[in-house]
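This report concerns only the one structure given below.
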Amino acid sequence: MNTRKTLKLTDEFAAQYDSHIEKGLWKGPQVLYEELKDYLQPKNKLLDIGIGTGLASIPFYKFGLDIYGIDGSLEMIKLCKAKNFTKELIFTDITNPDFSLPAVSFDFAISNAVLHMIGDISAIIKRVTKQLKPGGHLCFTTIPYGYINDEEYLETVHQGVYYNHKKEIDLFVFRHTNSYIKYVLKENKLQLTKNQIFLAFKDYQEKRDVFFEYFHAVK
Ligand SMILES: C[S@@+](CC[C@H](N)C(=O)[O-])C[C@H]1O[C@@H](n2cnc3c(N)ncnc32)[C@H](O)[C@@H]1O
């Protein structure tokens, strides 16, 4: 896997990101907010893993939460910072075992449209869970393996994690089985509250529907 390449491509795409997402009617941010809204209290602290330009955490900010973000793309961080709604933003690559986190305990950790760029997510979930308060919520998306159009995906060394190398742009993308994610949650003593596959957006270029799955777990 070539994380530096993924982050370089993200840097290059950052300026177009918001308008591109709006065109595709990207549902991820809304789905995560709907899933968590009944648990929110003003001033709760939320970590957004791979915050990008902030699209997934802005609804939580509007509710009154304190938002902390981490991301490995400097361009995304700059665009997010310019929106002026975060308490702290950290530039860090979450595939590094000792990636940086704000020195804060969180009520919520979310990650929207990030983990399908990563592959094995167990170290990330472990590190974030440590900084989640007891009773804190973790809610993230993946692309499900075993649901639709999996033909081009091959299994990695991690059982339940599949990859596709998009040669034209030298980009690795990943799909995760439901049982792999459930195993990672269990390993970290997280209780699964809900998981559901949803239509994330319509890819007009490739003329297809793109499905993600979200997982909501409690510490
Ligand atoms: C598709 S964007 C999603 C952004 C945001 N979460 C949203 O909902 O709009 C994926 C984000 O994950 C970040 N990302 C991907 N791989 C990463 C890594 N290894 N470390 C840190 N951030 C990463 C990218 O820089 C990008 O901002």
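The numbers here are math on the coordinates, done by the rules we state, and not lab data. No experiment lies behind these values; they were computed from the predicted model shown. Positions of Cβ are backbone-derived with ideal geometry, glycine not excepted, and every protein chain shown enters the neighbour counts.
Structure values in brief
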{"read-out": "Ranked by how many other beta carbons lie within 10 Å on average, peptides 127-140, 199-212 from highest", "value": "127-140, 199-212"}
{"read-out": "D66, D107, D38 arranged by Cβ crowding within 10 Å, fewest neighbours leading", "value": "D38, D66, D107"}
{"read-out": "Hull volume in cubic angstrom per residue (convex hull over the Cα atoms of region 144-202)", "value": "113 Å³"}
{"read-out": "For region 1-78 and region 152-219, distance of Cα centres in Å", "value": "17 Å"}
{"read-out": "Fraction of beta bridges assigned by DSSP in region 3-218 that are antiparallel (%, nearest 5)", "value": "60 percent"}
{"read-out": "Neighbour net charge for Y214 - beta-carbon separation under 12 angstrom, K R +1, D E -1", "value": "-1"}
{"read-out": "For the chain, average projected area of the Cα convex hull in nm²", "value": "11.0 nm²"}
